Amino acid sequence: MTSVVGQLLLLSFLSIVWTTNVTSLCTSHQSTTTHHPDHDVIIIGGSITGIATAVALKTKLSPINIQIYERAISLEPTGALLSLFPNGMTALQYILGDLQTTRDPEVTLCDILNEQSVPLQRTIIKQVQGGQVTEERVVKSVYKSNERKSPGRFILWYQLQNILLQALQAVSLADENCLSLGCEFQSYSFDNSTGLIHATFKSRSDAGEITFTKTCRLLIGADGIRSTLRPLISRWSSGYLSKPQIRSYKRIIFRALIDATDVASNLMPSIGAAVVYKSATNVGQIFKLQPCSEAKTIALTATAYTEDTEEVVREWNSNEAKSNWRKAFSDFPTYVLDLIDQAPISSVYANCVSDLQLGDKDQSPTLCWSNGHEPVVLVGDAVHGMTPSLGQGANVCLEDAVELTRIFRHVTETAAVSIRDLTHEQFMETTWRLQSVRNDRVVEIHRSSRNQASVKLSADSSLKNYQEKNEDFFRRLYEWKPTYF
């Protein structure tokens, strides 16, 4: 295991390995023959969802030419901590399979995943008031299913991204670059005569701003809750979800990373434990310390309520982030706030708690996975962005990647053709099947996450108590298996 600095260097190295030279990208392959697209599949968004989808498709449907276009110009590590529950681990085991690391052929990427993710077995709740701890309790964190009792596992966002980038490298040809950074999606059109999607992107480089178009047979939107592809899909009609709006819960989450060596021994949580400082006077104001990476890295997570969430997010992602954090939690013990100064500014990240509004609670909406007449599909937060209250966001995104891949495999094996030889009707069949398989499950998880966020439960009672009241839901949630075998 490496320290925070070592992890930052590793992600920087992978960014260099996978970054496409924008100038060469935009000047090559400008003309495309009618029936030979630039790529079989284009994925918009190089986050965990986009990379996981590419790995799954390349592993299970080879040969296939996939290109990921990501708006960010670099892959920056942040303090975001992901929850991996049994359903998410099942999805990752399918995606990673027996893929090995490039450093040691005896070690698989699943081994690295298990090594870097940390089980959470208990939470130490410390109630604070006037800068002092006034009460302390311990809560066990074991999540039940019929098959097993399993604690949630936690991994840093960029650690999982590193693992998936290594997987993408492992399933790619030596001279193949599947991830293009600094490319912002603009629009697309579908050519009925050729069955090809024409996707337009804009990139910025030292040479200036360049607009370019690439063709593909399938366009996948994995660009998050603020997807630029979603508004272009024209399926806001009767019987389907009305054009979804992003809903804010007036809550902000602030994250950062510090090296464990910078934490006093009396403040340092042990492996498998998290320490949560909870305000006695300001409901929902929480400051959490959680060890990662064999206790060499500590993830700091703070949650507070605010009226002007978007404005606060901009301020908290500025150079004044640390001072803003300290001001917001001035009622907390000084020794806790001092930890903020230990975090590298590059690891500091703030965002608001939000989701995609699915309509009235009595409705059962059909989400917009596709528009029904073009080979375009949305996955992950682009179609079902949800609150983090159940810790299911990343898990459900990984499920999407697996289900989409298995559906394509089912359709290609049934037709005895490769994905490159599928007809337009067969592409439409895959998008319909994805909606059929995923919609009801995702809506239920989304609404459960929303309900959990709305009641504003305290840190020590939220998920544990919610599970006890909804045991059947959690059994089905955690025991998920891919639909097509």
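The values are calculated or read from the model by the stated rules, or taken from the named source; none is laboratory data. What you see is a predicted model, and the numbers here were worked out from it, not measured in a lab. Here the Cβ positions follow ideal geometry from the backbone for every residue, glycine too, while neighbour counts run over all protein chains shown. Heavy atoms of the whole protein, side chains included, go into the accessibility calculation; ligands, DNA and RNA do not. Shrake-Rupley method; radii C 1.70, N 1.55, O 1.52, S 1.80 Å.
Ignoring any ligand, DNA or RNA, what whole percent of the accessible area of the range 334-455 comes from carbon and sulfur when the probe is 1.4 angstrom?
With neighbouring chains kept in place, the figure for the range 334-455 is 45 percent.
Rounded to the nearest 0.05, what FRET efficiency do R137 and D104 give with R0 = 41 Å and r taken as the Cβ-Cβ distance? Could you check?
Once rounded, the FRET efficiency stands at 0.45.
With only alpha-carbon pairs counted, each pair once and no self-pairs, how large is the Kirkwood hydrodynamic radius of the range 60-113 in angstroms?
Answer for the range 60-113: a Kirkwood hydrodynamic radius of 14.1 Å.
Relative contact order, percent, of the range 369-453 when contacts are C-alpha pairs under 8 Å separated by at least 6 residues?
This gives 45 percent for the range 369-453.
Measuring with a 1.4 Å probe in the full set of protein chains, what accessible area per residue, in whole Å², belongs to the range 148-214?
That works out to 40 Å² for each residue.
Taking the simple approach of a point 7 Å from Cα along Cα-to-Cβ for both S193 and A72, what is their distance in nm?
If labels sit at S193 and A72, their model points lie 4.1 nm apart.
What full-extension length gain, to one decimal in nm, is calculated for T281 and D421 as 0.36 nm per residue of separation minus the Cα-Cα distance?
Numbers: separation 140, 0.36 × 140 = 50.40 nm, distance 6.25 nm.
So the extension gain works out to 44.1 nm.
Which whole-number percent gives the relative contact order of the range 316-431, counting Cα pairs below 8 Å spaced six or more residues apart?
21 percent
What figure, in Å² to the nearest 10, do you get for the accessible area of C183 with a 1.4 Å probe and non-protein molecules left out?
0 Å²
For the pair R247 and D259, how long in nm is the line joining their label points, each one 7 Å along Cα→Cβ?
A separation of 4.4 nm, rounded to one decimal place.
Using 0.36 nm times the number of residues separating D331 and K481, minus their current alpha carbon distance, what extension gain do you get?
Values: separation 150, 0.36 × 150 = 54.00 nm, distance 4.55 nm.
Between D331 and K481, full extension yields 49.5 nm more.
Work out the FRET efficiency for L232 and D341 from their Cβ-Cβ distance, taking R0 = 60 Å, and round it to the nearest 0.05.
Efficiency computed from Cβ-Cβ geometry: 0.85.
Using a 1.4 angstrom probe on heavy atoms only, work out the carbon and sulfur share of the accessible area of the range 45-104 in %.
With neighbouring chains kept in place, the figure for the range 45-104 is 45 percent.
Subtracting the Cα-Cα distance from 0.36 nm times the residue separation, let me have the gained length for K202 to N266 in nm, one decimal.
Working: separation 64, 0.36 × 64 = 23.04 nm, distance 5.07 nm.
That works out to 18.0 nm of additional length.
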